[in-house]
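In what follows, a structure is listed as structure tokens, so that the remarks can point back to it.
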Amino acid sequence: MTGRAATLRTPAELIARGLASQDSLPDLEQVAARYAVAVTPDVAALIDASDPNDPIARQYVPSADELVTHPIENADPIGDHAHSPVSGIVHRYPDRVLFKLVHVCAVYCRFCFRREMVGPGKETVLSDDVYSNALDYIRTHPEIWEVILTGGDPLMLSARRLKEIMTDLAAIDHVRIIRIHTRVPVADPARVTDETVAALKVRGATTWVALHVNHPRELTADARIACARMIDAGIPMVSQSVLLRGVNDNAATLEALMRSFVECRIKPYYLHHGDLAPGTAHLRTTLEEGQKLMLSLRGRVSGLCQPDYVLDIPGGHGKAPIGPQYLSQTGEDGHDRRYRVVDYCGDVHLYPPAE
């Protein structure tokens with residue numbers, strides 16, 4: 001009886017599986033020396049090796065393009081360090097914190113904004129002292145209503161450890177929401193066991209799960225079952241996606257992705273503009289392309305399927321909605337100050353101001 005297939009972690013393994021060419025080995029070894037590589041069996045099975053532009057491969061298989069770093073790119077593109085009062089905590093917004101529990105993932109995305117901070121050779125999990133200090137910070141800041149578990153991927157932790165962490169957080173009176181950011185239901189759906197789901201449910205706080213998916217093909221039957229296991233247990237889910245060139249930068253793919261989320265009972269939440277992480281320029285779109293796509297979505301899909309298109313402002317200044325503008329005002333100097341409203345077809349209509 002053969003065991004379960006192993007995660008592909010080296011360029012040589014990717015080449016042997018037919019997911020990269022032999023002549024790319026020198027470049028890919030340079031990439032792998034700097035940025036972590038991991039492609040799980042579930043993800044590898046989704047890749048069409050005959051398609052050089054396969055949208056799944058573009059997300060997970062390293063490319064020589066990652067060796068090119070542009071001057072505008074930054075190892076900490078959204079300014080985590082500037083808002084880290086103690087190790088493991090990022091406190092950017094008043095009522096919520098990021099709690100970076102673990103620095104490993106089931107898969108490593110080629111566009112990851114924390115790519116300099118995660119993977120082999122980096123700290124794996126928080127030490128007991130760092131974890132304790134982070135909890136103390138949350139306890140002594142009563143304005144913190146929500147704790148977002150991230151990393152890395154918190155669902156890489158055992159069910160036992162997850163239960164301990166969830167229980168510790170739920171015991172803090174002012175923490176009412178615990179949100180988990182993960183790719184595991186897609187990358188390794190077998191990890192979402194009944195024990196994992198039970199660990200995520202605690203008395204004293206409400207659990208939400210934010211699932212990162214960028215292409216509708218990632219929502220396989222197994223991924224949907226993993227998500228349903230959490231949702232059926234009463235854990236609500238939202239989505240996070242990144243707008244990526246050659247992956248989802250067309251209206252039909254975004255439409256299919258957002259509809260797939262809603263069909264899975266996952267509410268579309270954020271569509272992120274690509275961050276200025278080193279070696280990711282080949283995957284970033286322009287802001288104008290993103291706004292055009294969001295305008296096209298407005299008329300193509302239900303309101304249930306509309307994510308917020310957001311930009312994480314470099315330097316740690318938080319997220320800003322950057323979708324298309326539908327409202328402007330006519331007239332000058334106080335005359336004829338009616339509003340111009342653009343509908344989903346692009347037609348302009350006038351709306352009177354309040355009297």
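The values are calculated or read from the model by the stated rules, or taken from the named source; none is laboratory data. Just so you know, these numbers come straight off a predicted model, no measurement behind them. Here the Cβ is made from the backbone with ideal geometry for all residues, glycine too, and neighbour counts use every protein chain on show. Heavy atoms of the whole protein, side chains included, go into the accessibility calculation; ligands, DNA and RNA do not. Shrake-Rupley method; radii C 1.70, N 1.55, O 1.52, S 1.80 Å.
For this structure, a couple of remarks:
- In region 294-309, the residues that are under 27 Å from Ala57 (Cβ atoms) and open to solvent by 30 Å² or more (accessible area, probe 1.4 Å): Ser296, Arg300
- Only residues that are under 20 Å from Leu219 (Cα atoms) and either out of contact with any Lys or Arg (no Cβ under 9 Å at 6 or more places or on another chain) or part of a helix (DSSP H, G or I) (or both) were counted across region 173-209, and they come to 15.
- His83 in contact with a Gly (Cβ under 7 Å, 6 or more places away or on another chain) and of a type outside the set (A, V, I, L, M, F, W, C): yes
- Residue tally, condition touching a helix residue (DSSP H, G or I) at 6+ places or on another chain (Cβ under 8 Å), outside any strand (DSSP E or B) and touching a residue at least 40 places away in the same chain (Cβ under 8 Å), over region 224-240: 3
- Any hit, region 149-160, residues being of a type in the set (Ser, Thr, Tyr) and in a helix (DSSP H, G or I): no
- All positions within region 101-128 that are modelled with pLDDT under 95, open to solvent by less than 30 Å² (accessible area, probe 1.4 Å) and charged (D, E, K, R): Arg114, Arg115
- Residue that is surrounded by the fewest Cβ atoms within 10 Å (Cβ to Cβ) [pool: residues in region 15-37 that are part of a loop (DSSP other than H, G, I, E, B) and out of contact with any helix residue (DSSP H, G or I) (no Cβ under 8 Å at 6 or more places or on another chain)]: Gly18
- Reported count of residues in region 158-168, each being open to solvent by less than 60 Å² (accessible area, probe 1.4 Å), under 13 Å from Val147 (Cα atoms) and free of Cβ contacts under 8 Å to residues at least 60 places away in the same chain, is 2.
- Scanning region 112-144 for residues that are in contact with a strand residue (DSSP E or B) (Cβ under 6 Å, 6 or more places away or on another chain) and in contact (Cβ under 8 Å) with a residue 40 or more places away in the chain returns Ala134, Tyr137, Ile144.
- Filter result (of a type in the set (Val, Ile, Thr) and either part of a helix (DSSP H, G or I) or open to solvent by 10 Å² or more (accessible area, probe 1.4 Å) (or both)) within region 213-223: Thr220
- Residue match in region 310-332 (condition: outside any strand (DSSP E or B), modelled with pLDDT of 95 or more, open to solvent by less than 10 Å² (accessible area, probe 1.4 Å) and not hydroxyl-bearing (Ser, Thr, Tyr)): no
- Unique residue being under 29 Å from Arg110 (Cα atoms) and in contact with a Cys (Cβ under 8 Å, 6 or more places away or on another chain) when the list is Pro268, Pro324: Pro268
- Residues satisfying the stated conditions in region 129-148, i.e. farther than 18 Å from Leu211 by Cα, open to solvent by less than 70 Å² (accessible area, probe 1.4 Å) and outside any helix (DSSP H, G or I): His141, Ile144
- When restricted to residues that are charged (D, E, K, R), open to solvent by less than 10 Å² (accessible area, probe 1.4 Å) and at pLDDT below 95, region 42-100 contains 1.
Condition check ((1) in contact (Cβ under 8 Å) with a residue 40 or more places away in the chain; (2) polar (S, T, N, Q)) across all residues:
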position: Ala57; (1), (2): no, no
position: Pro62; (1), (2): yes, no
position: Pro71; (1), (2): no, no
position: Asn74; (1), (2): yes, yes
position: His83; (1), (2): yes, no
position: Val86; (1), (2): yes, no
position: Val97; (1), (2): yes, no
position: Tyr108; (1), (2): yes, no
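- Selection status of Ala12, of a type in the set (Gly, Ala, Ser), free of Cβ contacts under 8 Å to residues at least 40 places away in the same chain and assigned to a helix (DSSP H, G or I): yes
- Residue match in region 226-236 (condition: in contact with a strand residue (DSSP E or B) (Cβ under 8 Å, 6 or more places away or on another chain), open to solvent by 10 Å² or more (accessible area, probe 1.4 Å) and among the aliphatic types (A, V, I, L, M)): yes
- Residues that are buried (at least 19 other Cβ atoms within 10 Å of the Cβ), within 18 Å of the chain's Cα centre (by Cα) and in a helix (DSSP H, G or I), drawn from region 278-293: Leu283, Gly290
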